[in-house]
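Read through the structure below, which is laid out as structure tokens, and then see the notes.
The values are calculated or read from the model by the stated rules, or taken from the named source; none is laboratory data. These numbers come from a predicted model, not from an experiment. Here the Cβ positions follow ideal geometry from the backbone for every residue, glycine too, while neighbour counts run over all protein chains shown. With ligands, DNA and RNA removed, areas are computed over all heavy atoms of the protein, side chains included. Shrake-Rupley method; radii C 1.70, N 1.55, O 1.52, S 1.80 Å.
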Amino acid sequence: QVQLVESGGGPVQAGDSLRLSCTSSSPSFTGYGWFRQAPGKVREFVSAIRWGTGSPYYADSVKDRFTISRDNAKNTVYLQMNNLKPEDSADYYCAAMWKQWGLYTNALQYDVWGRGTQVSVSS
């Protein structure tokens, strides 16, 4: 069974940085996405990366602060989060897509999900 395992979350202060990791047991995904969900809110797209080209995509709310990258040899995707703000607090989920890459902002397009890692940013 293919699994995604996230790590790297935790409590930080506003302005701090964190790096989330998502390691897959399979090298066959066309791309990965990061989504987040705060209590009482819907899950929202944060960032995505197309595996073959490494092309990154970002939500406007995190552009210029977050950077997504990949390590092909480790089947791992990273989300470097800088200048964190209290509104970034949420459970962060890694997701992977089997099908042809596209519609990466839509959570329904992803086929496999991790269990999530919590990020808490205090002011």
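General remarks:
- With only the Cα atoms considered, the chain has a convex hull volume of 94 Å³ per residue.
- Neighbour net charge for Ala38 - beta-carbon separation under 10 angstrom, K R +1, D E -1: -1
- For the stretch 46-85, the square roots a ≥ b ≥ c of the C-alpha gyration tensor eigenvalues yield an a/c of 1.5 or more together with a/b not exceeding b/c, which makes the shape oblate.
- Counting only protein heavy atoms and a probe of 1.4 Å, the accessible surface of the stretch 64-103 is 46% carbon and sulfur.
- Protection proxy ranking for 30-36, 113-119, using the average of other Cβ atoms within 10 Å per residue and placing the highest first: 30-36, 113-119.
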